[in-house]
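Working notes, structure below.
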Amino acid sequence: MTDYIRYKLVKELPKHGESAYTYKLQNQLFKALVAQAFIPITFLFIPIGLLFTAPILHSDIEPASFLATIFYSMYPAVDPLPIMLIVADYREGMSELFRNIIGKRSNNIGSSYTDPQVTSVS
């Protein structure tokens, strides 16, 4: 099934009784899926493909071969980003988590430390 047909199916969901929330979520997941398809292409297939086809074409890419290693090692960190940034529920959840972490840190900065030896009464 081609991406265009899938896009049309997602676009037709509201006509089949799906809620607006479901339609928005399906649309966001489709966009995230398309974005996630480009990540392995960019970070795995192209660099490693060039690395393996260069000797066949008798070209020396040894000075640039470290880029394939860098891209390959960045892939696991970059792969979940489209889901976290495109899907609104995840994005809002992450922003709330960061706000809570920053809020707790700012509260801890203002607290004072008292030494138990200083405050003890003998």
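The values are calculated or read from the model by the stated rules, or taken from the named source; none is laboratory data. Note that this is a predicted model, so its numbers are computed, not measured. Methodologically, a virtual Cβ is constructed for each residue, glycine included, from the backbone with ideal geometry; neighbour enumeration extends over all protein chains shown.
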Open item on the list: Restricting to segment 42-57, name every residue that is surrounded by 13 or more Cβ atoms within 10 Å (Cβ to Cβ), closer than 28 Å to P82 by Cβ and out of contact with any helix residue (DSSP H, G or I) (no Cβ under 7 Å at 6 or more places or on another chain).
Closed with: T42, I46, L50
Open item on the list: I'd like to check something: does segment 88-96 contain any residue that is of a type in the set (S, T, Y) and within 30 Å of Y21 (Cα to Cα)?
Closed with: yes
TODO: With the condition kept exactly as written, say whether any residue in segment 53-66 is part of a helix (DSSP H, G or I), closer than 26 Å to F38 by Cα, at pLDDT 90 or above and of a type outside the set (F, W, Y).
DONE: yes
TODO: Among the numbered conditions (1) at pLDDT 90 or above; (2) surrounded by 13 or more Cβ atoms within 10 Å (Cβ to Cβ); (3) within 30 Å of Y21 (Cα to Cα), tell me where M74 comes up short.
DONE: (3)
Task: Failed item, numbered, when M84 is tested on (1) closer than 27 Å to L33 by Cβ; (2) among the aliphatic types (A, V, I, L, M); (3) modelled with pLDDT of 90 or more - done: (3)
